[in-house]
Structures are given as C-alpha cells and as structure tokens.
1. Anything in segment 23-76 that is among the charged types (D, E, K, R) and part of a loop (DSSP other than H, G, I, E, B)? List them, or say none.
2. Which ones in segment 1-32 are polar (S, T, N, Q), under 21 Å from M86 (Cα atoms) and modelled with pLDDT under 90?
3. Which of the residues belonging to segment 27-57 are of a type in the set (G, A, S), within 20 Å of D68 (Cβ to Cβ) and without any contact (Cβ under 8 Å) to a residue 24 or more places away in the chain?
4. Report yes if A82 is loosely packed, with under 12 Cβ neighbours inside 10 Å, at pLDDT 85 or above, under 19 Å from V14 (Cα atoms) and out of contact with any Ser or Thr (no Cβ under 7 Å at 6 or more places or on another chain), otherwise no.
5. How many residues, within segment 98-117, are modelled with pLDDT under 80 and either touching a helix residue (DSSP H, G or I) at 6+ places or on another chain (Cβ under 9 Å) or charged (D, E, K, R) (or both)?
6. Which residues, counting only those in segment 43-67, are farther than 23 Å from I20 by Cβ and either open to solvent by less than 50 Å² (accessible area, probe 1.4 Å) or modelled with pLDDT of 90 or more (or both)?
7. Restricting the search to segment 128-141, which residues are more than 11 Å from A61 (Cβ to Cβ), among the hydrophobic types (A, V, I, L, M, F, W, C) and either open to solvent by 100 Å² or more (accessible area, probe 1.4 Å) or modelled with pLDDT under 80 (or both)?
Amino acid sequence: MPGDTPVQKRFFDVMMHGCIPIMPTWPSNLPNQTTNWRPGMSALSQTFPFAPLHFHNDSQAGIDYINDVIVTFDGECGGPCARESMERVMGNLTELQRLRANVKKYAPLFAYGIQHNSYRNLDAFAAIVVNLRHQAATNLP
C-alpha cells in the first residue's frame, strides 16, 4: 500500500517488533532500483536511513534493504503477489532465518537508547553519528 511519504512509521514499527517487512515496489527514479512509494518516485536507497547510497564510495557501508531485510512484491499486482512473496519466504527456512537475523541486527538502529545501559549498544543516535562522520570525511577537500 503506497503511503503519504516514501518512508512510513509502520516500517520501523514492524522492524522494532522483530517482524520481516513486506512491501510493494515499483520502478523508481533511478535505474535498476525500486520505490515503495509510487511508480517513478524516489528509490529506497534515497529515502530509507542508512542505505548504501548515503555512504559515498563505500559499497560495504549501509543497510541493503531490498536484499537483506525486506520481502518485496510487484506493486501493480497487489495482494496476490504479496501472498506469493510471503509463501516463498515461509517455504524457505534458510531464507527466513537469514531475514530474521538481519532484522534483529538492524532493528536497534531505529530506536534511541533510553535506559541506564543505553550506551552499551548501537542505537539510532550512534548510527546517525557514524553516517555524519562518513559524510564529513568524504566531503573534505
């Protein structure tokens, strides 16, 4: 279901609850990339936080949402394709475990630590600082 903006709060709610996000995709404004918003709109790599596109010249940095976290389906097809995509993942235990492990790994990057031990683990604030440091280092003359 296309949203009002490219990134929806419900995506982060799903991740924070340990669930694998499933979303429709369409061709985006960038070649060979998709959007979850509407056909021809901003690519996931442009709108989702910590995507590889935000880490210039470092192909190992960032979260590859399409390959590592999200189950996608053709937005034009709608519900029948969503069901097929979910059944495909549910029928492949190895893929299901891989996606769940990635959700577990990345979910803390979408929350801010607020307890007494909040500095023990990476959280959204730490991820933003890393992203900003990377931006600053790549923009130096």
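The values are calculated or read from the model by the stated rules, or taken from the named source; none is laboratory data. Quick caveat: nothing in here was measured; it's all calculated off a predicted structure. A quick note on method: Cβ atoms are made from the backbone with ideal geometry, for glycine too, and the neighbour counts reach across all protein chains shown. Protein only, heavy atoms only, side chains kept; ligands, DNA and RNA dropped before computing areas. Shrake-Rupley method; radii C 1.70, N 1.55, O 1.52, S 1.80 Å.
1. Within segment 23-76, R38, D58, D64, E76 qualify.
2. Q8
3. So the first thing to find is which residues in segment 27-57 are of a type in the set (G, A, S), and the list is 28, 40, 42-43, 45, 51.
Now drop any that are not within 20 Å of D68 (Cβ to Cβ), which leaves 28, 42-43, 45, 51.
If the condition is that a residue be of a type in the set (G, A, S), within 20 Å of D68 (Cβ to Cβ) and without any contact (Cβ under 8 Å) to a residue 24 or more places away in the chain, then S28, A43, S45, A51 are the ones that fit.
4. Working: loosely packed, with under 12 Cβ neighbours inside 10 Å: no; at pLDDT 85 or above: yes; under 19 Å from V14 (Cα atoms): yes; out of contact with any Ser or Thr (no Cβ under 7 Å at 6 or more places or on another chain): yes.
Here the answer is no, as A82 does not meet what is asked.
5. Counting residues in segment 98-117 that are modelled with pLDDT under 80 and either touching a helix residue (DSSP H, G or I) at 6+ places or on another chain (Cβ under 9 Å) or charged (D, E, K, R) (or both) gives 1.
6. Listed by number, the list holds a single entry, F55.
7. Hits for segment 128-141 are L132, A136, A137, L140.
Listed here are the residues, each with its yes/no results for (1) within 16 Å of L44 (Cα to Cα); (2) open to solvent by 50 Å² or more (accessible area, probe 1.4 Å); (3) free of Cβ contacts under 8 Å to residues at least 40 places away in the same chain.
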residue	(1), (2), (3)
V69	yes, no, no
G75	yes, no, no
G78	no, no, no
M90	no, yes, yes
E95	no, yes, yes
L99	no, no, no
I114	no, yes, yes
